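Okay, structure first, notes after.
Each value in this text was obtained by applying a stated rule to the coordinates, not by laboratory testing. Please read these numbers as outputs of a predicted model, since none were measured by experiment. Don't worry about glycine lacking a Cβ; one is built from the backbone with ideal geometry, like all the others, and counts go over all protein chains shown.
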Number of protein chains: 2
Amino acid sequence: MSLLVTGSIGIDTVHTPFGKRVDLVGGSAVYFSCAAAFFTPVRLVGAVGEDCPPNLLNVFEGRPIDASGVEVRKGSKTFRWHGSYVKNLNEAETVHVHLNVLGEHAAPIPTQFLDSKHVFLANSHPRLQRETLQKLQSPMLVVADTMNLWIENEEDELLKLLPLVHGLILNDAEVRMLTQEPNLVLAARKAQKLGPKFVIVKKGEHGCLMVTESEVFVLPAYPLEKVVDPTGAGDSFAGGMIGYLSTQDNLSPLTLKRALAFGTVVASFTISDFSLDGLKSASRPLIDARCEEFRKSMTF
Amino acid sequence: MSLLVTGSIGIDTVHTPFGKRVDLVGGSAVYFSCAAAFFTPVRLVGAVGEDCPPNLLNVFEGRPIDASGVEVRKGSKTFRWHGSYVKNLNEAETVHVHLNVLGEHAAPIPTQFLDSKHVFLANSHPRLQRETLQKLQSPMLVVADTMNLWIENEEDELLKLLPLVHGLILNDAEVRMLTQEPNLVLAARKAQKLGPKFVIVKKGEHGCLMVTESEVFVLPAYPLEKVVDPTGAGDSFAGGMIGYLSTQDNLSPLTLKRALAFGTVVASFTISDFSLDGLKSASRPLIDARCEEFRKSMTF
């Protein structure tokens, strides 16, 4: 098993109805790694600036995460994001964002990571995602995330990437934008025809939808009584899902559905507290137990 | 089995991205009856004005619906609603509404309906709902719908009704308004403590949530590729659900979940075409088959 993730590592300031926290560790690759590490060892590739406090990355300690692909770039600053969920707990309002090191070039992939079999390309410029992919020797499962910025401004690059990936993860507004189709099932079907074997549409508090060539799956979100900080929900979902998939030897409908359920449950731990504190309170047995409870609650 | 429904019977004009239709049969009691009649005989109580074209009610023909409780009131006009889904297929914009006969007094319940064991009180003034209930001899299962208007203006009457019903059905905005709680699970729990044994929160295209004293169930909506006209989705959901429940001798978690699934599937037929045309294309075997497909798609 060798699951590689490339994506952002950042310093977040987050404001939710439950309070404000500054200088938290965040970023897509960080949430993904910590979520996937409940299932399989993870290889993390990303860049921070030399301003990054070393203890920020302590979060990887004691987890099967190989952070040797984290570049500390001299002369650069770490990605910073300040978001607020005060008005709407389901949608972040970006107060400000400083791309810093993310606006430069991609972090190099360590030689010892080039044989990775499972890959998650967290949201990034689709050209960079494709370049990363082309460096890998023989990946078996590649899943990419994307966002409205690239759909709007880099559609050609995105359309070149999609036939190269097995899975695409994006949210409801993004898949509608990509396909110009308001119906989500049809939109996901159209996106699937652009290349990937499966397309997963994240609907936040409303769960997710997956379309393969022949099937449609829907899952509600795990019903949580207290959502403290939704930051990282999508990347934790991807981490739980692909972490589980990388321990399996097939992409059968049942395997994919189980992966969706694991992603859903792992994300429910993330949003129960600020930053990575929700995931810190989780464990594989707790995840398995919540998954079983979730399964039972939907069995009819 | 004897399932009584009291609610509106109306003439609708509906505008959706798929076209405009005028003078359609509609109303909560009509959708409910036609949905529930796939499962059990239905007794319908409601009023129309003398302007109501007799063929409007032909929709009940050939179905086990006893429409002898439909009062044709002299000197009154039928309820009319004109709604548009052109801007947003998930939320009706009311172009105009004429309460007409609905703004007068409730239709009388025929004597031969007073022994009804199962009752759906479609959305109406909570005092009228309570008065209806008090006329019945020994109902075993009573479910009520309500709306923002009564939560805002008739809260005292609504709070008197809730301890008298077994189930309450309302939408996400309404349960949040009733309980002043933004988290849906907590809101449903709070509503359940106001009296009913179970509270069902309808989330439209995002499915539903049910809370009982000890459990929380969530179900996504059935993933449909073409939603033509969402009018009547909520009442069809209630019809499928309570129609099924009234054939069962218990309210166990499994029975309630199956009822939610039947409601979800019946509503998916309703919204696939204008007015009652979607339900006309359904049958019990088609409903059972879609329910089984839905069940399988969520089994992991």
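Numbers below:
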item	result
Ordering of A:28-38, A:115-125, A:45-55 by packing [mean C-beta count within 10 Å, highest first]	A:28-38, A:115-125, A:45-55
Amide H within-cut-off set for residue B:10, under 5 Å, with H built and near neighbours excluded	B:26, B:27
Peptide-level mean, for A:286-299, of C-beta atoms on other protein chains within 10 Å	3
For B:284, B:43, B:127, order by how many other beta-carbon atoms lie within 10 Å, fewest first	B:284, B:127, B:43
Dimensionless Rg/Rh of region B:1-91 - Kirkwood Rh, Rg from C-alpha atoms	1.01
Net charge contributed by nearby residues that have their C-beta within less than 11 Å of residue A:56 (K/R +1, D/E -1)	-3
Per-residue average of Cβ from other chains inside 10 Å of B:204-215	2
Chain A - charge dipole about Cα centre, Lys and Arg +1 at Cβ, Asp and Glu -1, debye rounded to 20	420 debye
Peptide B:178-184 - average C-beta neighbours from other chains (10 Å radius)	2
Alpha carbon convex hull of the protein assembly as shown, volume per residue in cubic angstrom	143 Å³
Paired Rg and Dmax values of region A:74-203, which use every Cα atom, in angstrom	16.0, 47
Centroid-to-centroid separation of region B:72-93 and region A:36-75 [C-alpha atoms, Å]	58 Å
Neighbour cut-off at most 16 other Cβ (10 Å), DSSP loop, trypsin sites (Lys or Arg not before Pro), region A:181-217	A:193, A:197
Using a 7 Å Cα-to-Cβ projection, residue B:18 label spacings across copies, nm, ascending	4.2
Cα gyration tensor category, rounded, prolate or oblate, for region A:144-205 with a/c compared to 1.5	rounded
Reachable aspartates and glutamates, given that their alpha-carbon falls under 14 Å from the alpha-carbon of residue B:87 and they are not under 8 places away in the same chain	B:229
About the Cα centre, charge dipole magnitude for region A:1-159 (Lys/Arg +1, Asp/Glu -1 at Cβ), debye	400 debye
About the Cα centre, charge dipole magnitude for the protein assembly as shown (Lys/Arg +1, Asp/Glu -1 at Cβ), debye	820 debye
Residue B:164 versus residue A:156: modelled label distance in nm, points set 7 Å from Cα along the beta carbon direction	7.0 nm
Computed helical MRE - 222 nm, the protein assembly as shown, DSSP H runs ≥ 4 contributing -39500 (n - 2.57), nearest 500	-9500 deg cm²/dmol
Packing-based order for A:161-174, B:130-143, using average beta carbon neighbours within 10 Å, highest first	A:161-174, B:130-143
Gain upon complete extension [residue B:72, residue B:114; 0.36 nm per residue less C-alpha separation]	13.1 nm
Compactness of chain A - radius of gyration and Dmax, Cα, Å	17.7, 58
Label point 7 Å beyond Cα along the C-beta direction, distances from residue B:140 to other copies (nm, shortest first)	5.5
Under 16 Å from the residue A:20 label point (7 Å along Cα→beta-carbon), backbone N, region A:74-91	A:81-88
Antiparallel bridges, percent of DSSP beta bridges restricted to the protein assembly as shown (to nearest 5)	40 percent
Residues of type lysines that residue B:160 reaches as a straight line, Cα spacing below 29 Å, ignoring anything fewer than 8 places off in the same chain	B:117, B:135, B:190, B:193, B:197, B:202, B:203, B:257
Other copies of residue B:299: label-to-label distances in nm, shortest first, labels 7 Å along the beta-carbon direction	1.0
Debye log10 I(q)/I(0) for region A:176-283, one point scatterer per Cα, at q = 0.20, 0.23 Å⁻¹	-1.02, -1.21
Likely footprinting exposure, B:111, B:212, A:6, A:270, fewest C-beta neighbours within 10 Å first	B:111, B:212, A:6, A:270
